[in-house]
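The structure appears right after this line, and notes come after that.
Rule-based calculations on the coordinates, nothing more; no lab input. Every value quoted in this text rests on a predicted model; they were computed, and no experiment measured them. With ideal geometry, Cβ positions are generated from the backbone for all residues, glycine too; neighbour counts draw on all protein chains shown.
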Number of protein chains: 4
Amino acid sequence: MIIVMKPGSTENDIKGVSRLLESHGLGVHISKGVERTIIGVIGDKRQLDGIPVELMPGVEKLVPIMESYKLASRTFKPEPSIIEVNGVKIGGRRLVMMAGPCAVESHDQIMEIAFAVKKAGAQFLRGGAYKPRTSPYSFQGLEEEGLKLLKEARDATGLLVISEVTCERAVEAADKYVDMFQIGARNAQNFQLLREVGRSRKPVLFKRGPSTTVEEWLNAAEYIMSEGNYNVVLCERGIRTFETSTRFTLDISAVPVVKSLSHLPIMVDPSHAAGKAQYVAPLSKAAIAAGADGLIIEVHPNPRCALSDAAQQLTPDAFDSLCGEIRKIAEIIGREF
Amino acid sequence: MIIVMKPGSTENDIKGVSRLLESHGLGVHISKGVERTIIGVIGDKRQLDGIPVELMPGVEKLVPIMESYKLASRTFKPEPSIIEVNGVKIGGRRLVMMAGPCAVESHDQIMEIAFAVKKAGAQFLRGGAYKPRTSPYSFQGLEEEGLKLLKEARDATGLLVISEVTCERAVEAADKYVDMFQIGARNAQNFQLLREVGRSRKPVLFKRGPSTTVEEWLNAAEYIMSEGNYNVVLCERGIRTFETSTRFTLDISAVPVVKSLSHLPIMVDPSHAAGKAQYVAPLSKAAIAAGADGLIIEVHPNPRCALSDAAQQLTPDAFDSLCGEIRKIAEIIGREF
Amino acid sequence: MIIVMKPGSTENDIKGVSRLLESHGLGVHISKGVERTIIGVIGDKRQLDGIPVELMPGVEKLVPIMESYKLASRTFKPEPSIIEVNGVKIGGRRLVMMAGPCAVESHDQIMEIAFAVKKAGAQFLRGGAYKPRTSPYSFQGLEEEGLKLLKEARDATGLLVISEVTCERAVEAADKYVDMFQIGARNAQNFQLLREVGRSRKPVLFKRGPSTTVEEWLNAAEYIMSEGNYNVVLCERGIRTFETSTRFTLDISAVPVVKSLSHLPIMVDPSHAAGKAQYVAPLSKAAIAAGADGLIIEVHPNPRCALSDAAQQLTPDAFDSLCGEIRKIAEIIGREF
Amino acid sequence: MIIVMKPGSTENDIKGVSRLLESHGLGVHISKGVERTIIGVIGDKRQLDGIPVELMPGVEKLVPIMESYKLASRTFKPEPSIIEVNGVKIGGRRLVMMAGPCAVESHDQIMEIAFAVKKAGAQFLRGGAYKPRTSPYSFQGLEEEGLKLLKEARDATGLLVISEVTCERAVEAADKYVDMFQIGARNAQNFQLLREVGRSRKPVLFKRGPSTTVEEWLNAAEYIMSEGNYNVVLCERGIRTFETSTRFTLDISAVPVVKSLSHLPIMVDPSHAAGKAQYVAPLSKAAIAAGADGLIIEVHPNPRCALSDAAQQLTPDAFDSLCGEIRKIAEIIGREF
């Protein structure tokens, strides 16, 4: 943390700030420049939480130097983390593919899709049981009944299953049926929910919020980790921008940025970012080429009959063909799938 | 809803779409243009939910014509709503002022500030008991203890009290102590929480999310209203943009836009939008001049000692002086305060 | 400028950076923290231009402390500037109103509107002669013929005139006819054009670009000022965000932010920000209440027949009524109009 | 174009709109829905330019159905265009690589880099002679002298050369030396300049503006094409968003979106998008995997000594290694390099 003093700040102002910092156990380095004095704060910035240094006389602004998250940072853990989910490793050499319908709709639908995505190479079956929808008049999911259907598909195929949890009640229910929790974009800063899954030890796929910066995202991941659950996999799914030709704007740069700031694995969700099935394949290939550890893709046996997000779901055939392309790119860049 | 067909779509494509719509009880009007055919859908668009018309052969895109929210819209209720909260009306001629600290910190702090904001003219005392903070290492609020302190200040001053609820547990606790719930920006699309306060009949101050459009915001309000709680007051508090000189960008246009699309009252929170106390007064005056029904402002007896958001809290004196200015602008524009 | 070294940086790295800075005449202050070393640079940051310190071994990042513009900053000139345009002062106690059609269309149109806006209280007549339009198939303006018509209206009414210049040729032509140049949002970083008007001494109304930060805007103003033309008036006209209910999002906070960072006057253009006539009055009142030094508003005798931007132009009656409201707000906040 | 009437619009309102449209040679289709009447406009929407239908009594809003650009659209020309630049084809099976320093600095610098990028596989040498820089105090380029040095490097290596033009004078000068003009992001809506290069027949690499939508970008390309120059290659280089860990946010989706809306080739500039050399390789690979027709990358023999944008330039070795990776990905996706 650096404290920049105003051009006309006095010796007394500088002393005042220094004493305040020292009284909180922090060291101080003062640099007098041509136009301004700058005070470097030495020690753990978190001790400054609740000390409004910016309101001291003569202070112009504070400039943070270090990130405010710790457990999620590369500084804390320099080597990349590999998160193991009941036998499948995320973040290692092998790419991970999660696929399935936007929403679980029926026994037949989920069985058909489960066998299809397994055959194409997916390790995880995804499917929404608790669906946060923009309008309350849209289909909201089968809830626990949906989770049971996912479990049946798991038992029949050997695929691992992942499903979104949106509240405490959903966490409790899903805990019995799924291998991995998913936190969706709309709950990216629902800190109560993050603490809730943090108290579990079940792995969490944690999506970025549409208006959270990478730094805020890592801070939010810290809510899960600071409760003791280190099994966090990040997932970029598009941010909100002025561009309207896609539903969100996939921030492909977030892949290498997260890799440089954090040790956590990062996956990409091209389906929600694009909002249109025709863009899913190019974005998937781009994500893998940029270094993502895997993909989560919406696949529906008959997209025309899907009860939600029909436009962005791939057919099983299109998904199978995409997996073939991903397999070839994986080899080129030193991964496998 | 308008369905735009692709340039080369056939008669069969057009018939296919028409039949699909008709089988769902919807009427169809076909317009053949020079380059494209357009199909107008007649009837309630909500019957199309779950019908992926965009995947039918020959369809290029769907263009929504009507808003997807109903209870919150001016079309549904043309005259403005006035929400009454235990004797104070929001949305009428009289402006409403809510003020208080970011977080409730102690008995003395909240009592001191309550008497100060009452004297300046506020009708509501605000104070956070459950604080969603970006970092898990920041002060998270006194929880139920904070709510009790608010209630004491209410009893002592006669002010109404409002506090943020962040989860089911907080809703249950706050129900006993506060006159009005507040839903914060981070929970703007936490639909479980919205339904929860919708099942109550206690009024709700519902803040816009930093990346929700006005349309999405009104759809989210619909989650509260469709559960039967029509006592919703909207609150603009800044959206996320590329500009960094303020914490968020106050979308002042949202005031007249909401007034034209919805019958619900709208207030403005200049403190969180600006993030800096020095900008709170100009933004407050702008909000009232633009037609807002009231303000919610952070005030702290001693901002330098505040445990959260110190930089954006006004002193009681600065707040008193701002209320004087607001009073004069109110008269000019046909309101009172 | 602060240089943050990487966690594992060595003594040699630190010496290397220090020597580089010292060899460019800059002073160095080294602060060794618990986790990182920080190097404060003492002297004029502009001497670092072209020295890629961030590529030196051991350097993590640079943190700028001071703004990079000089002539436009409050640090350089603490008291507010008043720009005088042939007898009318912008930035003083008196508010300035510029009004007129989006585009000059004909002699009768501009005469009618000139007399109407003068009667309502405007000091400036605005009107586009060179129109940058999104599509090349839209009306592009009367060019020099339009400037001549503006001059005739000036002579007939005594109003000052302002018109947008979009290229060197337009600057040369407009120089003969207008009292003030306008640089539009699309040319906000057309540095050749900025230098061109900088070489003149004629006052310039300089609009913010839809994606320029306040800091970039002040840096761009510096292009005009560094050529010797200090007669710059800034104009906020909306930034591009994800919200689509208005054409752009008026960044009302930019008014107090610019006032705190710069000595230059700032006006507001509510017409282009809103894109809809119905929102112009509330945004105008908000701008004045927030401290703007004036407004530039589109007015057309018969908006239904306007050749461009019809939806956002006020009728003369609506403008007259708005001027009445602005007059009353001006008094309340210690200005006059 | 669809015209949506207000809920309470009358028969007279509907007739009024119909007559207005018919008087301009447009056809009309009226659909009366349960709540609203919708009027479909049949004929060329461009005939509506200058007719403010939205101000007619009873009209609520207009909904555009067709894109407003023509020459740049897939509807106009369904098959992809291949732009030939003195023997090199852009948009065909073979990927195109443009590389070189941000700015031309000296004879030795440009010669060294030219031979290096040619050896790695580039077909074009890039180098800025006219540099638009955020601050007027930064290095602004060698201007015509820089163009001459590029030409010398061209003659020595056989590489084609491309350089940015920022004004009429630069276009005239560059016309003698370069094989292809580049229009930079800051001039993305400088329509005078676009017309200027449109009057030439020399190919143009046309970068997207940081806040232009894909639709506005294609409309801007139309300015070049409507002057007769069809040799336009688009270039995505990042848009402005709230994320600050990269300089801009590379909109990777723009690659498939442009491919679906337009027949023009599209390249990607990862250097300006990222702003940091360490992210250039992952973004380059992503761009090619997403279907881009080529890349333009900043390479400098000694980035530490570069006079501008040092942080984002690759060393020749890093560039050579990246070309090797691109070559392998190209084969996988059915291209070559």
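Things worth noting here:
- Cα-based values for segment D:251-337, radius of gyration first and Dmax second, are 13.5, 42 Å.
- Pairs from the table (C:89/C:328; B:328/C:119; C:118/C:285; D:151/D:276; A:328/D:276) lying more than 22 angstrom apart at Cα are B:328/C:119; D:151/D:276; A:328/D:276.
- Segment C:91-104 - phi-based ³J(HN,Hα) in whole Hz, Karplus 6.51/-1.76/1.60, Gly and Pro as x: x, x, 5, 7, 6, 10, 10, 10, 8, x, x, 3, 10, 5
- Cβ-vector label at 7 Å, residue C:11, separations to other copies in nm: 3.5, 9.1, 9.7
- Proximal charge balance of residue D:142 [Cβ under 11 Å; K/R count +1, D/E count -1]: -2
- Look at B:186, A:201 and count the other Cβ atoms within 10 Å of each Cβ; fewest to most, that gives A:201, B:186.
- Here the relative contact order of chain D, from alpha carbon pairs under 8 Å that lie six or more residues apart, stands at 16 percent.
- For segment A:2-63, the fraction of alpha-carbon pairs in successive 5 Å shells from zero, as %: 4, 19, 36, 26, 11, 3, 0
- Chain A holds its axis-closest Cβ, relative to the rotation onto B, at the residue and whole-Å distance A:211, 2.
- Here the residues C:138, C:271, ranked from fewest to most Cβ neighbours within 10 Å of their Cβ, fall in the order C:138, C:271.
- Expressed to the nearest 5 percent, the antiparallel share of DSSP beta bridges inside segment D:83-332 is 15 percent.
- Neighbour-count ranking [beta-carbon atoms within 10 angstrom, fewest first] of A:110, A:2: A:2, A:110
- Teacher prompt: residue A:244 distances to equivalent labels in other copies, 7 Å Cα→Cβ, nm: 0.3, 2.9, 2.9
- Beta bridges per DSSP, both residues in the protein assembly as shown: antiparallel share near 40 percent.
- For residue B:82, the point set 7 Å out from Cα toward Cβ sits 4.6, 6.9, 7.4 nm from its twins in the other copies, listed from shortest up.
- Euclidean distance of C-alpha centroids, segment C:218-259 and segment B:218-247, integer Å: 27
- 5 angstrom amide H check on residue A:299, placed H, neighbours 5+ away: A:100, A:102, A:314
- Quarter the surface of the alpha carbon convex hull of segment A:83-332 and you get the mean projected area, 11.9 square nanometres.
- Scaled to the globular estimate 2.2 N^0.38 Å, the Cα spread of segment B:1-155, given as radius of gyration, is 1.82.
- Computed helical MRE - 222 nm, chain B, DSSP H runs ≥ 4 contributing -39500 (n - 2.57), nearest 500: -10000 deg cm²/dmol
- Overall shape of the protein assembly as shown was characterised from the C-alpha gyration tensor. The equivalent ellipsoid obtained from it has semi-axes of 40, 40, 38 Å, in decreasing order.
- Estimated distance in nm for a label pair at residue C:108 and residue D:55, the labels positioned 7 Å out from Cα along Cα-to-Cβ: 1.6
- FRET E, pair residue B:32, residue D:35, Förster distance 25 Å, beta-carbon r, rounded to 0.05: 0.50
- Alpha-carbon centroids, segment B:78-105 and segment D:278-337: separation in whole Å: 57
- Considering only segment D:123-250, percent of DSSP beta bridges that pair antiparallel, nearest 5: 5
- For the Cα trace of segment B:166-286, dividing Rg by the Kirkwood Rh returns an Rg/Rh value of 0.97.
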